[in-house]
Amino acid sequence: MAEIRQSGNHAGATGKTDMSHDQDEGGAAGETAAAELDASGLLCPLPVLKLRKRLQALSCGAVIRMRTDDPAARIDVPHFCAEQGHALLGEPEETPDGALAFLVRKGG
């Protein structure tokens, strides 16, 4: 099941609150994510569809960190970003459990 978290004192779609807004989320160029999307357990095309929906709610320039264990995401996320005008910030980070974490900046 996908989980969406927003940094700060705001509850995400799951009602969970993430208080880690003062911490760097890690990733390319020291970017701090304004929101997180956990798309673990979802297969193509669902991770990209969830990312698209979540980006719609963010302001231009905001960064989202998406975590997924779908191997197709290595191809799908960069292609989605290029087609939709978003910026993929560096290479995906491999997490200790084998998932991928992508940082995406919403385009205008």
Residue list for region 87-108, filter: open to solvent by 60 Å² or more (accessible area, probe 1.4 Å) and not in a strand (DSSP E or B): 91, 96, 97, 108
In region 35-65, which residues are surrounded by 14 or more Cβ atoms within 10 Å (Cβ to Cβ) and in a helix (DSSP H, G or I)? 46, 47, 48, 49, 50, 51, 54, 55
Residue 83 under 12 Å from residue 103 (Cα atoms) and open to solvent by 50 Å² or more (accessible area, probe 1.4 Å): no
Name the residue that is farthest from residue 107 (Cα to Cα), counting only residues in region 61-75 that are in contact with a strand residue (DSSP E or B) (Cβ under 9 Å, 6 or more places away or on another chain) and not charged (D, E, K, R). 71
If the Cβ limit is 8 Å and pairs must be 6+ apart or interchain, which residue in region 88-108 that is under 12 Å from residue 66 (Cβ atoms) and without any contact (Cβ under 8 Å) to a residue 24 or more places away in the chain pairs with which residue that is surrounded by 16 or more Cβ atoms within 10 Å (Cβ to Cβ) and aromatic (Phe, Trp, Tyr)? 88/102; 92/102
Could you check region 66-79 and list, in sequence order, the residues that are among the hydrophobic types (A, V, I, L, M, F, W, C), assigned to a helix (DSSP H, G or I) and open to solvent by 20 Å² or more (accessible area, probe 1.4 Å)? 75
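The values are calculated or read from the model by the stated rules, or taken from the named source; none is laboratory data. No experiment lies behind these values; they were computed from the predicted model shown. So basically every Cβ, Gly included, is an ideal-geometry build from the backbone, and we count neighbours across all protein chains shown. Areas reflect the complete protein model, heavy atoms only, side chains present, ligands, DNA and RNA absent. Shrake-Rupley method; radii C 1.70, N 1.55, O 1.52, S 1.80 Å.
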